[in-house]
C-alpha cells in the first residue's frame, strides 16, 4: 500500500469508525461483561466473512489469512469500560455521546481503540489481494481488571506470531500527533495489601491494647520517609497508598487494620526492591507497636511488566508512519506511568505500542484518563487507522 492508498482508505472509513466508536461508547460494559460490545464486534467480523474465535469470556480474535507466505501480525485493542458515572459534558461542551448505563463509562478510550481496529480490519480485508501472511485482530476483554490478556495470549500461542501492535489514546498529546518510541513506554505495577494484627481493647486503656490503627498509620508515615532515600532520585517509582482502614467504634481499639495501594515502575529490579522495602518497613514498624503483619495473597501480585517497545519494529513503524502523516505529526513524549496489559504481549513477542493524541482545547477533549470528563476527539480515529495500516504495510514490505 502506498501513502495515497492508505490515506484514501482511512478517509473512506471515517464515518464508519465514528459510528463504531459511538455505539461502543454507549454500550460501556465493564471487564468480562462486554456482552453487547462483543456481539457488535462479532457482527462486524461476520459481515467481513472472517473466521474468528471467542477468547476468555467476551474477547474475540478474527483471522485474515491471505493464503500466501508472509509475516504473522497481531493487532490488538481493548474493549472494556470503567465502573463509574460519566459526566455529560467534557471540558468545554456537551459530549457527542454518553453511556447508556448511568454507572459505567468509557473514560479511557477503549471505545476508540475498538473502532480503530474494526476500521483497520475492514480496510485490510478490502486489500487482501495485496497482502501476504496472516493478520490476527485481537479484541481483548477486561484490560482494566486483567480478565482477558491470558486468554488472548493463549489463542496467539496456537499460531505463529512475528510481531504485535497496539495503540492507546493519550489525553496529553494533541490531536493529529502520534508517538512511537523504543524502550519502556508504560509502567508495571504490583498490588500492595496488608493486614495489621493488633489487640483490641477499650480506648480508656491503650496500655492494655495493641493499637492496630496507630501501627498502620505509622507504617504509612515510615514508608513515605524511607521511600525518598531508598531509590534513585531519577527513577519513576510512585508509591500509591490508597486505603487505610481500621475500626468502626469511637471508643474501642480494633483487632485489625488494613493498608492497600500500588507501586508502579519501569525497572523490574527496582520493582522487586520496592516490594522488599515495603515488607521490611511494615514488619519492623509493627514490631515496635507489638503488632504483626499479614501480607495477603494479592500482595506483590505482579502486574503486566513494563510495556517495552521493540527497537527494530519501533524504528520501522516510526519511519513508515512518518511518511503517511503530515510533517510534525510524529512527536516525542515521556513514558506514561499508567499500566497496560499489552506489557504481557511485549514480554512474549516483539511489539510496538503507539500513543495517539486526542487533546483538542477547542472541542474540550483532554481531560485525564479515568476521569468522568474524559472525551475523545473523533478526528484522532483517522490518525489511528493510518498508523495501524502504516505499521502493517511496513512489516509486509520488510518481509517481502
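For residue 91, state whether it is in contact (Cβ under 8 Å) with a residue 60 or more places away in the chain, in contact with a helix residue (DSSP H, G or I) (Cβ under 9 Å, 6 or more places away or on another chain) and either under 24 Å from residue 18 (Cβ atoms) or surrounded by 23 or more Cβ atoms within 10 Å (Cβ to Cβ) (or both). So residue 91 does not fit the description; no. Here residue 188 meets the list (1) out of contact with any helix residue (DSSP H, G or I) (no Cβ under 8 Å at 6 or more places or on another chain); (2) assigned to a strand (DSSP E or B); (3) under 30 Å from residue 387 (Cβ atoms); (4) at pLDDT below 95 almost entirely, failing just condition (1).
Report whether or not residue 289 is closer than 25 Å to residue 153 by Cα and in contact (Cβ under 8 Å) with a residue 12 or more places away in the chain. So residue 289 does not fit the description; no.
Among the residues of the range 30-47, is there at least one that is part of a loop (DSSP other than H, G, I, E, B), over 22 Å from the mean Cα position of the chain (by Cα) and touching a residue at least 40 places away in the same chain (Cβ under 8 Å)?
So far as the range 30-47 goes, no, none of its residues is part of a loop (DSSP other than H, G, I, E, B), over 22 Å from the mean Cα position of the chain (by Cα) and touching a residue at least 40 places away in the same chain (Cβ under 8 Å).
In the set 9, 75, only one residue is under 30 Å from residue 363 (Cβ atoms), touching a helix residue (DSSP H, G or I) at 6+ places or on another chain (Cβ under 9 Å), modelled with pLDDT of 95 or more and not in a helix (DSSP H, G or I); that residue is 75.
Pairing each residue of the range 368-394 that is over 21 Å from residue 9 (Cα atoms) with any residue that is assigned to a helix (DSSP H, G or I), provided the two are 6+ apart or on different chains, yields C-beta distances under 8 Å for 376/21; 376/111; 376/112. Residues being over 21 Å from the mean Cα position of the chain (by Cα), in the same structural domain as residue 75 (by TED's automatic domain parsing), surrounded by 20 or more Cβ atoms within 10 Å (Cβ to Cβ) and not in a loop (DSSP other than H, G, I, E, B) are represented in the range 130-153 by at least one member.
For the range 378-400, the tally of residues that are within 21 Å of the chain's Cα centre (by Cα) and in a loop (DSSP other than H, G, I, E, B) stands at 1. For the structure I just gave you, tell me whether residue 171 is out of contact with any helix residue (DSSP H, G or I) (no Cβ under 8 Å at 6 or more places or on another chain), assigned to a strand (DSSP E or B) and assigned by TED's automatic domain parsing to the domain that holds residue 32. Criteria met by residue 171. Filtered by the rule that a residue be surrounded by fewer than 19 Cβ atoms within 10 Å (Cβ to Cβ), over 21 Å from residue 312 (Cβ atoms) and under 19 Å from the mean Cα position of the chain (by Cα), the range 334-366 gives 334, 337, 338. Considering (1) over 15 Å from the mean Cα position of the chain (by Cα); (2) on the phi > 0 side of the Ramachandran plot, say which one residue 157 fails and leave the rest. Checking residue 157 against (1) over 15 Å from the mean Cα position of the chain (by Cα); (2) on the phi > 0 side of the Ramachandran plot, the one that fails is (2).
The values are calculated or read from the model by the stated rules, or taken from the named source; none is laboratory data. This is a predicted model, so every value here is computed, not measured. Glycine gets a Cβ as well: all are built from the backbone with ideal geometry, and neighbour counts include every protein chain shown.
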